[in-house]
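Just so it is clear, none of the values below were taken in a lab; they were calculated from the coordinates. Everything numeric in this text was worked out from a predicted model, so none of it was measured. We place every Cβ from the backbone using ideal geometry, glycine too, and count neighbours over all the protein chains shown.
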Amino acid sequence: MKVRTTLVSLVALSTIVALGACAAPEKKADTTTDSGVDAAAATSAEDFGGLDELVKAAEAEGTLNVIALPPDWANYGEMISTFEKKYDIEINSDQPDGASQDEINAANDLAGTDRAPDVFDLGQSVALANTDMFAPYQVETWDDIPTEFKDPDGAWVNDYGGYMSIGYDSAKVPDVTSLADLLKPEYKGAVALNGDPTQAGAAFAGVVMVALTQGGSADDVAPGVEFFGKLKQAGNFLPVDPTPATIESGQTPVVIDWNYLNAGETKKLPTWQVLVPDNAAVAGYYNQAINKDAPHPAAARLWQEFLYSDEGQNLYAAGGVRPVRADAMIKAGTIDAAAARELPAIDGPTTILTQAQSDAATKYLADNWAKAIG
């Protein structure tokens, strides 16, 4: 689960930094391909001479560094193995339980080395705050991606999305019918949020969802923060980042997280139930971006082409998330029909934060979250 666990990630990162202090920094390889193309400056496959030439350049690099991609999150385990089998490229997957902010931190700390992340998969608030770190790139299926789901130049592009939800083990706690239930004594020490909302996209969206149920809005997330403060005071907030292991062991019997992650647990734990609260459907897309200082720039661009191809998008759908090209693929008849049928349908309004709303919520959380749950 893409808990993107802050504590684990910081420990791992401190280890990397400590090791880096003991050895000379590794130098990035030259980004010029054998055919004379500067891969780091390429904004489309055409700059390489077409997709086949991009494949050759990427395979010549032979490596791709990804970060914060848990195997059980959005089907990334199969995504990675399929890419490795399809191309002669080894994927190094670092900090699989890291938060979005950990990805940015790693890129800064490892800048100029061969170990820096080549690509990012980021929650909205972190992505929009760090656009100066991204290299613009437009995949071959660019025109299939709705305008509102991409930067005009391709600096960032939405890849997959879902809805915020409440998952709970009906064998351990009473049925959850609303957020208000979670303040009851029956949920003491039981309610976990997927990460720190100042760093993790899932937790950020969780606070927004709660705010909507408490009289707040996309412009006012204060009621969501206040609710978590009440959970803390009641002794019901559980400061543990949930994972499949904590769910299946019963350590985190209630989890506020993306619907596709909670739904995935129902396959392993039959008593696990999933609720999207009425009139509080918060939709969120994660964002793909290429590190402008990627040590393997051709492989980074090929990874994007793969993710946004029919094959990559169908792998996302198989993971229970809505691929950003879903509508175009449904129209073209190229989407995996069985996987598409499993995607959630939500009745009523859906909230998606604008950049201005996301920026305002990010600032409010930075100023108030720790005080509310401290």
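Within the stretch 127-168, the only residue that satisfies the criterion of being in a strand (DSSP E or B) and over 19 Å from the mean Cα position of the chain (by Cα) is 168. Just so you know, in the stretch 347-363 the residues that are surrounded by fewer than 17 Cβ atoms within 10 Å (Cβ to Cβ) and under 17 Å from residue 210 (Cα atoms) include one that is farthest from the chain's Cα centre (by Cα), and it is 348.
Taken together, the criteria exclude residue 292 from residues that are farther than 22 Å from residue 148 by Cβ and without any contact (Cβ under 8 Å) to a residue 60 or more places away in the chain. Out of all the residues in the stretch 331-359, which are touching a helix residue (DSSP H, G or I) at 6+ places or on another chain (Cβ under 8 Å), of a type outside the set (Asp, Glu) and farther than 21 Å from residue 314 by Cα? Answer for the stretch 331-359, where residues must be touching a helix residue (DSSP H, G or I) at 6+ places or on another chain (Cβ under 8 Å), of a type outside the set (Asp, Glu) and farther than 21 Å from residue 314 by Cα: 351, 353, 355, 358.
In the stretch 168-183, of all residues being out of contact with any strand residue (DSSP E or B) (no Cβ under 6 Å at 6 or more places or on another chain) and under 20 Å from residue 211 (Cβ atoms), the one that is surrounded by the most Cβ atoms within 10 Å (Cβ to Cβ) corresponds to 179. For residues that are among the small types (Gly, Ala, Ser), free of Cβ contacts under 8 Å to residues at least 60 places away in the same chain and either more than 15 Å from residue 221 (Cα to Cα) or touching a His at 6+ places or on another chain (Cβ under 6 Å) (or both), tally how many sit in the stretch 160-208. Summing the residues that are among the small types (Gly, Ala, Ser), free of Cβ contacts under 8 Å to residues at least 60 places away in the same chain and either more than 15 Å from residue 221 (Cα to Cα) or touching a His at 6+ places or on another chain (Cβ under 6 Å) (or both) in the stretch 160-208 gives 2. Taken as a whole, the condition of being under 30 Å from residue 40 (Cα atoms) and either crowded, with 20+ Cβ neighbours inside 10 Å or in contact with a Ser or Thr (Cβ under 7 Å, 6 or more places away or on another chain) (or both) does not apply to residue 191.
Search the stretch 42-68 for residues being in a helix (DSSP H, G or I) and without any contact (Cβ under 8 Å) to a residue 24 or more places away in the chain, and hand back the single one that is surrounded by the most Cβ atoms within 10 Å (Cβ to Cβ).
Only one residue tops the list, namely 53.
Can you tell me which residue is farthest from the chain's Cα centre (by Cα) among those in the stretch 84-106 that are at negative phi and part of a loop (DSSP other than H, G, I, E, B)? Across the stretch 84-106, the extreme among qualifying residues is 88.
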